[in-house]
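Below: the structure, in structure tokens.
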Ligand SMILES: [Fe+2]
Ligand SMILES: [Fe+2]
């Protein structure tokens, strides 16, 4: 019976894309159907495997060729074929370093030490970003396709720093606060307790605790600047008061949190869209300019849209 199944890497499953075949997990010495063909893996579900270091899932051996073709096609679509220049090697290196550290935090039950180290890696990332102020002319320099929250966090960090720079924030300390806030904004997701029986709506309701859980984690650290905690705690607040957790409005929201919240929604929209990376970015810009606009400070949104439009 077991010979019927073969492993597939978590990273080969493209989040949000309908699967070409059934997907299985192995629990209590049995293969259990986890998702059916046509269903797609959500980012939250991807994170739960990723944070627990579950690297492989299972498909039927008979589906292997179809699965591999599907994965290769979807990945080529989002990663390559955009026509844009490849990411600058220095930025790519600093991103990798930040990604590894973020991964340590998200996978560790005791992230204290890793959080302290994040301050250094995000400083390096911001240094590289500051050296390349014109990289913003191509968004492919700033944003890779993000499957899970770790890659998303790196994207939000880099995008937030660029947006802040282009808006005129030039002080290295402020930009580092933005970069660290971006990298850690979703760190509270590691503390949300999800049960196997939780439905999608229960999970998304529970997830709403992540900004405050993140602040709690950072409060336990001596070296984390207050500005970073404000970004983490307020990144889901909306300009019109419809956000969470505190339903803050307009000027009640910390300035740097407003920038990170734009980068955050932008990266989420890109992941949720379909097509090539550039097509997704264009779609996300339209959404920011339309149905999502009420969430953001109008002046900061206007500037961000100008900057983002230059890059696609
Ligand atoms: Fe978040
Ligand atoms: Fe986020």
Problem - Matching residues, the stretch 181-197, being part of a loop (DSSP other than H, G, I, E, B) and surrounded by 15 or more Cβ atoms within 10 Å (Cβ to Cβ) - result: 185, 186, 192, 194
Practice task
Could you tell me whether residue 202 is more than 14 Å from ligand 1 (Cβ to nearest atom), surrounded by 21 or more Cβ atoms within 10 Å (Cβ to Cβ) and assigned by TED's automatic domain parsing to the domain that holds residue 163?
Solution key: no
Practice task
Tell me, yes or no, whether the stretch 148-155 has at least one residue that is in a helix (DSSP H, G or I), within 16 Å of ligand 1 (Cβ to nearest atom) and more than 15 Å from the chain's Cα centre (by Cα).
Solution key: no
Fill in the blank from the handout: Looking across the stretch 245-272 at residues that are more than 13 Å from ligand 2 (Cβ to nearest atom) and under 19 Å from the mean Cα position of the chain (by Cα), the single one that is farthest from residue 284 (Cα to Cα) is 256
Exercise for the section: Quick one: which strands (runs of 3 or more DSSP E) lie wholly within the stretch 1-84 and hold at least 2 residues that are in contact with a helix residue (DSSP H, G or I) (Cβ under 8 Å, 6 or more places away or on another chain)? Expected result: 5-9, 56-60
Problem - Meets criteria (touching a helix residue (DSSP H, G or I) at 6+ places or on another chain (Cβ under 8 Å) and in the same structural domain as residue 101 (by TED's automatic domain parsing)) for residue 144 - result: yes
Practice task
Would you mind finding the one in 75, 79, 55 that is out of contact with any strand residue (DSSP E or B) (no Cβ under 6 Å at 6 or more places or on another chain) and surrounded by 14 or more Cβ atoms within 10 Å (Cβ to Cβ)?
Solution key: 75
Problem - Which numbered condition residue 221 fails, given (1) part of a loop (DSSP other than H, G, I, E, B); (2) away from ligand 1 (no atom under 13 Å from the Cβ); (3) out of contact with any helix residue (DSSP H, G or I) (no Cβ under 7 Å at 6 or more places or on another chain) - result: (3)
Practice task
Of the numbered conditions (1) surrounded by 14 or more Cβ atoms within 10 Å (Cβ to Cβ); (2) over 21 Å from the mean Cα position of the chain (by Cα); (3) within 27 Å of residue 226 (Cα to Cα), residue 114 fails exactly one; give the number of that condition.
Solution key: (2)
Fill in the blank from the handout: Taking the stretch 257-312 and keeping only residues that are outside any helix (DSSP H, G or I) and crowded, with 17+ Cβ neighbours inside 10 Å, one is left with 273, 276, 292, 296, 297, 311, 312
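Collect the residues in the stretch 160-180 that are assigned to a helix (DSSP H, G or I), under 22 Å from residue 138 (Cβ atoms) and away from ligand 2 (no atom under 16 Å from the Cβ), keeping them in residue-number order. So that I can check it myself, show each step before the final result.
Pass one, the stretch 160-180, residues assigned to a helix (DSSP H, G or I): 160-166, 172-180.
Then drop every residue that is not under 22 Å from residue 138 (Cβ atoms), which leaves 160-166, 175, 178-179.
Residues satisfying the conditions are 162, 164, 165, 166, 175.
The values are calculated or read from the model by the stated rules, or taken from the named source; none is laboratory data. Note that the structure is predicted; figures quoted are calculated from it, not measured. FYI the Cβ positions are ideal-geometry reconstructions off the backbone, even for glycines, and counts take in every protein chain you see.
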